[in-house]
Amino acid sequence: REMNYKSFNFSNYLKKDFSQNLVVRQKEVDNVLNELYQKKLIERLERVSKKHKKKIKNNKMIDEIHNFDFKKMLKLYNIRTLLGIINMDHPPYLYKKFKKIVKEAKDFSETNNSELVFVYLPRYYKTMAHVNIYNKEKIINLVEDLNIRVIDIDKLVFKKHSDPLSLFPFRRKNHYSSEGYALVAKEISKFFLEQ
């Protein structure tokens, strides 16, 4: 998604000496972030306000019916996802761009006498204990083909956890919870201590 932004060409970062000189533009960065925060806050308040007005207008049952996705239900979407029948793939050009970026990062690390280690962090998905539909294997294989070591947090933390959704705040799509981050940090530490 980031490679397709119209407002900024992220492929600039693949140029050898490219820099936005953000370190000397802190005030400008602060202003942009403040404007963005204010805009998002207003959008959220407007969205919540509309939702409340709708709930007042309609009773709860009608509201639930409107939000229910009959199309997904008829296609047995959740069951097919759970069984791994649905496969969400990205177009091939994105894998090529991703590989180029990771290779650039590896070259930069080696130039600076360092080693790049790739940490795979799984996204939220409501059946993540059973399946990962975001082409994890393809991504990990691509990274390993570049001779980069991988720390697979999906395998080491989420697949082993009895309740992986509890590692997200309120069991919803978001960053990890404090427990989730603690488990991730523990596995990364263990990886380097065992070297």
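The values are calculated or read from the model by the stated rules, or taken from the named source; none is laboratory data. Remember, it's a predicted structure, so these values are computed and weren't measured experimentally. Positions of Cβ are backbone-derived with ideal geometry, glycine not excepted, and every protein chain shown enters the neighbour counts. Note: areas computed on protein heavy atoms with side chains; ligands, DNA, RNA excluded. Shrake-Rupley method; radii C 1.70, N 1.55, O 1.52, S 1.80 Å.
In the structure shown, do any of K155/K190; K97/K138; K100/K138; K136/K190; K50/K173; K6/K51 have a Cα-Cα gap over 19 Å, and if so which?
K136/K190; K50/K173; K6/K51, as the Cα separations exceed 19 Å there.
Within a Cβ distance under 14 Å of E194, other residues only, what is the Lys/Arg minus Asp/Glu net charge?
+2
Report, ordered by chain and residue number, the aspartates and glutamates lying within cross-link reach of K16, taken as a straight Cα distance under 15 Å and ignoring same-chain residues fewer than 8 apart.
The qualifying aspartates and glutamates are E104, D107, E110.
Can you give the extra length, in nm with one decimal, that the chain gains between E137 and Q26 once fully stretched, where that is 0.36 nm per residue apart less the Cα-Cα distance?
Stretched out fully, the E137 to Q26 stretch lengthens by 36.1 nm.
If each of R1 and F18 carries a label point 7 Å out from its Cα toward its Cβ, how far apart are those two points in nm?
Modelled inter-label distance: 2.0 nm.
Sort H175, H161, H90 by heavy-atom solvent-accessible area, probe 1.4 angstrom, most to least.
Accessible-area ranking of H175, H161, H90, largest first: H175, H90, H161.
Rank K6, K40 by accessible area, highest first, at a 1.4 Å probe radius?
Sorted descending by solvent-accessible area, the residues read K6, K40.
Suppose R0 equals 30 Å; then what is the FRET efficiency for S11 and K190 from their Cβ-Cβ distance, rounded to the nearest 0.05?
0.25
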